[in-house]
Amino acid sequence: MRILIIGAGNAGQQLAMRLCEEKHSVVMVDTNSTALAEAEAKLDILTVCGPGSSPRVLTEAQVEKCQLVIAVTDCDEVNILACLYAHAAGVPRNVARVASPEYIHADDTYDLTAMGIDLVINQKQECARELFHMLQIPGALEAFNLFEGKVMVAGFRVSTVSPVLNLTLVECDRPDLIQRVRVMAIRRRDELVVPHGDTVFQKDDLVYLVGRTADVAAFFEWVCPDFKAFEKVIIAGGGDLGLMLAQRVEESLECVLLEQDEERARFCSAQLHKTLVLRADALAESALDETGVTDRTAFVALTGDDEKNTMNCLMAQKKGVPFTVTQIARTDYVPIIESLNLVARVISPYLSTTHAILHYLRSQKVRAASLLHNLPGELLDVVISNGSRLAGKRIRDIKMPRMAIIAAVLRGQEVQPATGDLKLVPADRLLIFSHPDAVKKIQSMFLK
């Protein structure tokens, strides 16, 4: 597929890297020649220097030959106009990153999707969604919903206190929990393991499972005894992202928001209904003392400064907070902070945006794909069509690739356990985990 990316910043370069890995032909446009040269030195792409909203520049980039345009500059207007021009040029799919809520929440008259932009994405909303899922399941290294929230995917690390250590699932003493979820993949050091009945869980295995949200939460309470459900969340930073997260969190947990700027703190207080908003610096020990830290508190640092966010988390840990999360804007900092174990989790708005756009990329009958941060694999959301040769077959009779597994089946509004005896019927939605090398095989199987 030929893909035009407009914007050579963090999000654009992350997207280009992932798309090049998948063997797509990528063209990148930006006004910054230095950023383009940097991207071209690292990746096998073509570049065009100039504004992405210019018809001349789009013509030079041969936009009419592209199957997808992704506009991720820092200017909403450039992104919107570029996608509208691309739509007029006949590009079948267009994606625009848009920050302003005025554009996102416009009425039907000014609906961007009705004007030809297929996906309008706000990176702060995506980041807030990812953070909220992280707080819902404290032991999860990664957690998110699929099937309109009916199914949750989550990953945990096997620790020395985990009840599954050195056991197979059959040998575990909670068959009631195990039967309600499906273990679909394990990362063992640098190896990907698709589990079977005789697979033994080892220390430091990164295990991914899928099931209904309530079942996954119950499983995590058992399998991660060193993590307890949070009772309180402290958010440092009342910017757009901090406010969005607080609005989600306050409906289910006690929430405290720390914001230094008096005017911004007042604005946040007016937008929130149950959250305690304090005008304070999270680096001040007295501020954390005021919030009432307990052993079931999560601290999330969301200021606009990477170094300050990290220091805020270290201060929170000093005051006894057991779980800290930091936002890191510079994507090259993320692996360093993760490797040093300075905080429990790291979140990046640019990576959240990248994942959301890549989820959208695979459409048609294979309607979505979710890339997992810590696992070399993908989740595919597949629909069984009326004429599919797989309709009427039992799962055990389907010759799946060795490195792929059917993880869950949604039939109507009900989640069905993906057991070998389950017979597939038209309109079933299948959640399939696949190693990247097997994705094309899966697509060919289910598109026939």
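The values are calculated or read from the model by the stated rules, or taken from the named source; none is laboratory data. These figures come from a predicted structure and were not determined experimentally. Cβ coordinates were reconstructed from backbone atoms using ideal geometry, including for glycine residues, and neighbour counts include every protein chain displayed.
Residue 329 passes every criterion in (1) assigned to a loop (DSSP other than H, G, I, E, B); (2) without any contact (Cβ under 8 Å) to a residue 40 or more places away in the chain; (3) under 20 Å from residue 124 (Cα atoms) apart from (2).
Mind listing whichever residues of segment 410-448 are in contact (Cβ under 8 Å) with a residue 60 or more places away in the chain and not in a loop (DSSP other than H, G, I, E, B)? Correct list: 410, 415, 417, 429, 431, 433, 436, 439, 442, 443, 446, 447. A single member of 27, 91, 78 is buried (at least 19 other Cβ atoms within 10 Å of the Cβ), modelled with pLDDT under 95 and under 20 Å from residue 118 (Cα atoms), and it is 91.
Is it the case, given these coordinates, that residue 8 is part of a loop (DSSP other than H, G, I, E, B), assigned by TED's automatic domain parsing to the domain that holds residue 66 and closer than 20 Å to residue 54 by Cβ? Here the answer is yes, as residue 8 does meet what is asked. Can you confirm whether residue 148 is among the acidic types (Asp, Glu), assigned to a helix (DSSP H, G or I) and more than 23 Å from residue 201 (Cβ to Cβ)? No; evaluated as a whole, the condition is false for this residue. Annotation: residue 139 fulfils all but one of (1) farther than 30 Å from residue 329 by Cα; (2) in contact with a Cys (Cβ under 9 Å, 6 or more places away or on another chain); the unmet one is (1).
Of all the listed residues (237, 242), the sole one being small (Gly, Ala, Ser), on the phi > 0 side of the Ramachandran plot and surrounded by 15 or more Cβ atoms within 10 Å (Cβ to Cβ) is 237. Go through segment 151-188 and give me each residue that's aliphatic (A, V, I, L, M) and assigned to a helix (DSSP H, G or I). 169, 170, 177, 178, listed by residue number.
Specify the residue that is farthest from residue 303 (Cα to Cα); the eligible residues are those in segment 85-134 that are in a helix (DSSP H, G or I) and of a type in the set (A, V, I, L, M, F, W, C).
Top of the filtered list is 88.
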